[in-house]
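Worksheet for the structure shown next.
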Number of protein chains: 2
Amino acid sequence: MRLTSLADYAVVVMAAAARHPTGASLSAGLLAEETGVPLPTAQKVMGRLAAAGLLLSARGAGGGFRLARAAGGISLADIIEAVEGPIAMTNCIEGSIHDCALEGSCRVKPHLNAANDAVRGALQGVSLATLAEAK
Amino acid sequence: MRLTSLADYAVVVMAAAARHPTGASLSAGLLAEETGVPLPTAQKVMGRLAAAGLLLSARGAGGGFRLARAAGGISLADIIEAVEGPIAMTNCIEGSIHDCALEGSCRVKPHLNAANDAVRGALQGVSLATLAEAK
DNA sequence: GCAAATCGGAATGAATTGGTCCGATTAGCT
DNA sequence: AGCTAATCGGACCAATTCATTCCGATTTGC
């Protein structure tokens, strides 16, 4: 029930990016300096965010990243999923994976499914625009 | 954002225990067989649950475990915390630990705090009595 | 055409986790 | 009262995952 530090950094970096004017080209180095996140780590995090479609990347000199959507259209759940993968408390919730020995006779799965939706909903209710606000 | 398999097993075992009559002495072997959880793992899980005060343990022949409180008074959050430790999405939320380099200049911490409370609330809203119900 | 700057993926070391085993303790029977 | 059997409790070890770092691929601008 703890998110990885990679995801933690991703939230910080995305919030910093959201405070810049829309469309500005932001290098990993710039955001790393602004947030205090180590540069190599920021690079990795931003790479994953770009792969997930939350950031648009441009290579070469003068390149950088920019938000793919408006800050209001990106949720905390989106950021976490981009870095950590699907939000699924247990393996059996994720549709494709079925390596649970109790599969079939498990009596609690339906309830866990409901709990998982509740948690996910709480995370989807927080937008990046909110996270970027001061205090 | 995924709970460990130990916590997963804990939920299954506790739900099985809640289906037995109140006060009955339940050995780790019995619950392991009922749920399909490997016995050594069930032992470890139940040990932690007892240490957290969710189960009462009795040693020796004829001993075993029993629920410390009524099933309605135990929440999913309680079970997860018993096995995984405090529910805190980030290190900076946990009061005592402060090994975050961004501490002080971090702009998103207050928002994450609110998100954490929302997640925790969702988990506290599910009681063991609900988990023990069929389907 | 050259050079600088930036993204992208691969490799390494550490930490947490999952699983197993053996010792400590107690009730019940002889 | 002693012994046996059953059960909890804590310690140990292998494995997976995570966090971090470094180097190569690609593109713009001069």
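Values in this text are rule-based calculations from the coordinates and carry no lab data. Bear in mind the structure is a predicted one, so any value in this text is a computation, not a measurement. Backbone-built Cβ (ideal geometry, glycine too); neighbour counts: all protein chains shown.
Please report the relative contact order for chain A, taking Cα pairs under 8 Å with a sequence separation of at least 6, and give it as a percent rounded to a whole number. Present the calculation step by step, with values, prior to reporting the outcome.
On the way: 159 pairs, mean separation 37.7, N = 135.
Relative contact order for chain A comes out at 28 percent.
In Å and whole numbers, how far do the C-alpha atoms of the protein assembly as shown stretch along each principal axis, longest first?
The principal-axis extents, from largest down, are 73, 39, 28 Å.
Would you calculate the separation in nanometres between label points at B:ASN113 and B:SER25, each defined as 7 Å from the Cα along the Cα-to-beta-carbon direction?
The two pseudo-label positions are separated by 4.9 nm.
Can you sort A:CYS92, A:CYS100 so the residue with the fewest Cβ neighbours within 10 Å comes first? Don't skip to the end; give the middle numbers.
On the way: A:CYS92 19, A:CYS100 16.
Fewest-to-most ranking of A:CYS92, A:CYS100: A:CYS100, A:CYS92.
What list of ³J(HN,Hα) couplings, whole Hz, do you get for the stretch A:107-113 from phi and the Karplus terms 6.51, -1.76, 1.60, once you set θ to phi - 60° and write x for glycine and proline?
Per-residue couplings from phi come out as 8, 9, 3, x, 5, 5, 4 Hz.
Using the Karplus equation 6.51 cos²θ - 1.76 cosθ + 1.60 (θ = phi - 60°), what ³J(HN,Hα) coupling, rounded to whole Hz, does each residue of the stretch B:115-124 give in order, writing x for Gly and Pro?
Karplus values, whole Hz, x for Gly and Pro: 5, 4, 4, 5, 5, 4, x, 5, 6, 6.
Could you calculate the FRET efficiency of A:GLU133 with B:ALA134 from 1/(1 + (r/R0)^6), where r is the beta carbon distance between them and R0 is 41 Å, rounded to 0.05?
Numbers: r = 45 Å, r/R0 = 1.11.
Once the sixth-power term is evaluated, E becomes 0.35.
Considering amide H positions built from the backbone, and no H for Pro or chain starts, which residues 5 or more places from A:LEU55, or on another chain, come under 5 Å of its amide H?
For A:LEU55, the qualifying residues are A:ALA50, A:ALA68.
Compute the whole-percent fraction of alpha carbon pairs in the stretch B:1-123 spaced more than 26 Å apart. Working shown, then result.
Working: 2382 of 7503 pairs.
Value for the stretch B:1-123: 32 percent of Cα pairs lie more than 26 Å apart.
For the pair B:ARG69/A:GLU33, report the inter-label distance in nm, with labels modelled 7 Å from Cα in the Cβ direction.
5.2
How far is A:SER25 from itself in the other copies, in nm, if each label sits 7 Å out from Cα along the Cα-Cβ line, shortest first?
Nearest to farthest, the other copies are at 7.6 nm.
Extending each Cα 7 Å along its Cβ direction at A:ARG48 and B:SER5, get the distance between those two points in nm, one decimal.
My value for the distance between the label points is 2.2 nm.
To make sure I understand, if each residue's beta carbon is the centre and we count other beta carbons within 10 Å, what order do A:THR4, A:THR90 fall in, fewest to most? Walk me through the intermediate numbers first.
Values: A:THR4 14, A:THR90 23.
Fewest-to-most ranking of A:THR4, A:THR90: A:THR4, A:THR90.
Counting other C-beta atoms within 10 Å, which of B:LEU6, B:LEU123 has the fewest, and how do the rest follow? Please report the intermediate quantities before stating the final value.
Numbers: B:LEU6 14, B:LEU123 22.
Listing B:LEU6, B:LEU123 from fewest to most nearby Cβ atoms yields B:LEU6, B:LEU123.
What are the label-to-label distances in nm, one decimal and shortest first, from A:CYS100 to the same spot in the other copies, with labels 7 Å along Cα to Cβ?
3.1
Explain nothing, just compute: Karplus ³J(HN,Hα) = 6.51 cos²θ - 1.76 cosθ + 1.60, θ = phi - 60°, for every residue of the stretch A:49-55 in order, whole Hz, x for Gly and Pro.
So the J values, rounded to whole Hz, are 5, 5, 4, 7, x, 8, 10.
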